[in-house]
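Comments concern the structure below.
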Amino acid sequence: MSRLFRISAVVLFAATLTGCGSFSLFEGYTGSFAPPAPPNSGQVYLFRGMGGQVMSRGMDMLGDKINRAGIKATVHNHLFWYEPATDAIERYKRDPQHSPIILVGHSAGADATLYFARRLKEENVPVALIVTFDPTRKAPDVPSNVERFVNLYQSLNFFGGGHISPASNFRGHFASVNLKKYWEVLHVNLVKMEALQSAVFAKIVQITTLPTSPQGPAVPIEYVVPRDVEIEVWDSGMPVIAESGDTLKSISRRFAAPLWAVAQVNRMSENAAVKPGQRIVVPRHIESIAPPAPPVTSYMPTTTAQ
């Protein structure tokens, strides 16, 4: 019995090392990487979490999908972000007009994207998009050189579960998407969810092929996705002015946004009264058409969604 216990302990210890990332330390030397992207093209840098390919297989899956679409993508271990950051800086300085930089990461790899962005900020290099899948609770704020940021996380996860905030001088598009209503979404399988991967893939394709310059200010939004609705990933909030006779329902219908999302982003009930001239934030995709109502020009971060 004692021998069986020792064997079980060894197996459990090995599994723990795999989950916590000890095995992934060797990945920077043994893993395979896509060839460097040619100059004058956008580049997507993806970062696995501490468990490497075992725990962050979704990063490799997404990287393959991006490469098959003709967009250059490389996948890296979370510890080895500095060299790709140097590559991104050099690529941007060669041709700043045709080199959108996109970062995607899972777990500690999500944290790495923010350290990557901080390094680029030192060289005044912008980041077109960062998407983080369930970062750790030690992840830093989003720096001001990031144009668009999306955090997809499950706040109840023991590993991951990190809520990320924009820096005080951040003025880009920001969305924090909490999946805590989905109890079956764990730290490992969140990054493999087809709905989330498809949404992220669509944003990457849009940025690298049809870049947009949306009008009006961007308001950070944070929301918890209800269980009984389709998961949708917006980019930020758009402030609008309520007109006479408006309700949250009429505003949500006018801007093609779900009523639950408009209510939650504004911290109001779905049946709450709306006054003419009241500022209402509507979740949006940055490729959306210009709003029919005049936007408000203020920038007001929201508080953490509960």
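The values are calculated or read from the model by the stated rules, or taken from the named source; none is laboratory data. Note that this is a predicted model, so its numbers are computed, not measured. As a convention, Cβ positions derive from the backbone with ideal geometry for all residues, glycine included, and neighbour counts pool all protein chains shown.
Evaluate the range 219-230: report whether one residue or more is hydrophobic (A, V, I, L, M, F, W, C) and exposed (fewer than 15 other Cβ atoms within 10 Å of the Cβ).
yes
Do we find a residue being small (Gly, Ala, Ser) and either at positive phi or touching a Gly at 6+ places or on another chain (Cβ under 6 Å) (or both) anywhere in the range 71-82?
yes
When you go through ARG48, ARG91 one by one, which is the residue that is buried (at least 22 other Cβ atoms within 10 Å of the Cβ), over 22 Å from the mean Cα position of the chain (by Cα) and modelled with pLDDT of 55 or more?
One residue alone meets the criteria, ARG91.
Determine, yes or no, whether PRO96 is modelled with pLDDT under 90 and not β-branched (Val, Ile, Thr).
Yes; evaluated as a whole, the condition is true for this residue.
Which residue, of ASN151, ASN157, is at pLDDT 95 or above and in the same structural domain as GLY105 (by TED's automatic domain parsing)?
ASN151
Could you tell me whether ALA128 is surrounded by fewer than 18 Cβ atoms within 10 Å (Cβ to Cβ), more than 25 Å from MET55 (Cα to Cα) and hydrophobic (A, V, I, L, M, F, W, C)?
No; evaluated as a whole, the condition is false for this residue.
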